[in-house]
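Single-structure report; data block below.
The values are calculated or read from the model by the stated rules, or taken from the named source; none is laboratory data. Small disclaimer: the values here were computed from a predicted structure and weren't measured. Backbone-built Cβ (ideal geometry, glycine too); neighbour counts: all protein chains shown. For accessibility, only protein heavy atoms count, side chains too; no ligands or nucleic acids. Shrake-Rupley method; radii C 1.70, N 1.55, O 1.52, S 1.80 Å.
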Amino acid sequence: AQSVTQPDIHITVSEGASLELRCNYSYGATPYLFWYVQSPGQGLQLLLKYFSGDTLVQGIKGFEAEFKRSQSSFNLRKPSVHWSDAAEYFCAVGAQVRGQNFVFGPGTRLSVLP
Amino acid sequence: EAGVAQSPRYKIIEKRQSVAFWCNPISGHATLYWYQQILGQGPKLLIQFQNNGVVDDSQLPKDRFSAERLKGVDSTLKIQPAKLEDSAVYLCASSLLGQIAYNSPLHFGNGTRLTVT
């Protein structure tokens, strides 16, 4: 079965600074990878997804992520963080095997300093 | 398009009581999911429906949890009797293709926050 780890529980950055959130996955085949964001009291919103092809994918709100097969990673990046980016970020992997479904990582909480 | 609708937003019950949550997915979405999100953790799948059939309920505590999706549209999740450890946010999600294409993204509702005292 697939699994996802997000090594950083909580990250604090200053507004305008760059951001990188780490995600590592474990899955025997080619994974489908996703990043979701959850604001307080809200459901999860899809930021971006990777299926195949170009390993650098662009998402909404200025986010991008890079798939590195050799490192089993799918890190999320943003060059300049805005205060409104403060939220919980979840990496997820979708499987190609019946009965195995989306698995979410534990999440990284992002705080943004003014 | 209208998003995934869930109700109620909040529910407080005592242990051993029963509770039900309702979800209406995005129109046309064949696949519906119920996730449990305990504070500080990522969502955990409870059950997945494809139309009105169950695809995966391997992590659903069937002695107390039940779910149905009549007519392949909206769905209800029930807990009876509730335990303290059931306190969590219950998220409903839907996707267009789901079981057919695992790259079909999930669209989430705002969730129901359950507190069991």
Every pair of residues 6+ apart whose Cβ atoms lie under 6 Å, when the first sits in region B:91-117 and is of a type in the set (Lys, Arg) while the second is assigned to a strand (DSSP E or B) and modelled with pLDDT of 90 or more: B:ARG113/B:TYR10; B:ARG113/B:VAL89
Filter pass, B:LYS83 being free of Cβ contacts under 8 Å to residues at least 24 places away in the same chain, of a type outside the set (Gly, Ala, Ser), more than 14 Å from every other protein chain (Cβ to nearest Cβ) and open to solvent by 60 Å² or more (accessible area, probe 1.4 Å): no
Selection count, region B:57-89, where residues are more than 14 Å from B:LEU114 (Cβ to Cβ), part of a strand (DSSP E or B) and charged (D, E, K, R): 1
A:ALA86 out of contact with any Pro (no Cβ under 7 Å at 6 or more places or on another chain) and without any contact (Cβ under 8 Å) to a residue 60 or more places away in the chain: yes
Single residue of region A:13-54 satisfying the filter (outside any loop (DSSP other than H, G, I, E, B) and β-branched (Val, Ile, Thr)) that is farthest from the other protein chains (Cβ to nearest Cβ): A:VAL13
Subset of region A:88-114 (residues that are modelled with pLDDT of 90 or more, within 14 Å of another protein chain (Cβ to nearest Cβ) and on the phi < 0 side of the Ramachandran plot): A:GLU88, A:TYR89, A:PHE90, A:CYS91, A:ALA92, A:PHE104, A:GLY105, A:PRO106, A:THR108, A:ARG109
Restricting region B:95-117 to residues that are modelled with pLDDT of 90 or more, within 11 Å of chain A (Cβ to nearest Cβ) and part of a strand (DSSP E or B), the residue that is farthest from B:LYS11 (Cα to Cα): B:HIS107
Check on A:VAL57, touching an Asp or Glu at 6+ places or on another chain (Cβ under 7 Å), assigned to a loop (DSSP other than H, G, I, E, B) and among the β-branched types (Val, Ile, Thr): no
Hits in region A:62-74 (condition: open to solvent by 30 Å² or more (accessible area, probe 1.4 Å) and either touching an Asp or Glu at 6+ places or on another chain (Cβ under 7 Å) or not in a strand (DSSP E or B) (or both)): A:GLY62, A:ARG69, A:SER70, A:GLN71, A:SER72
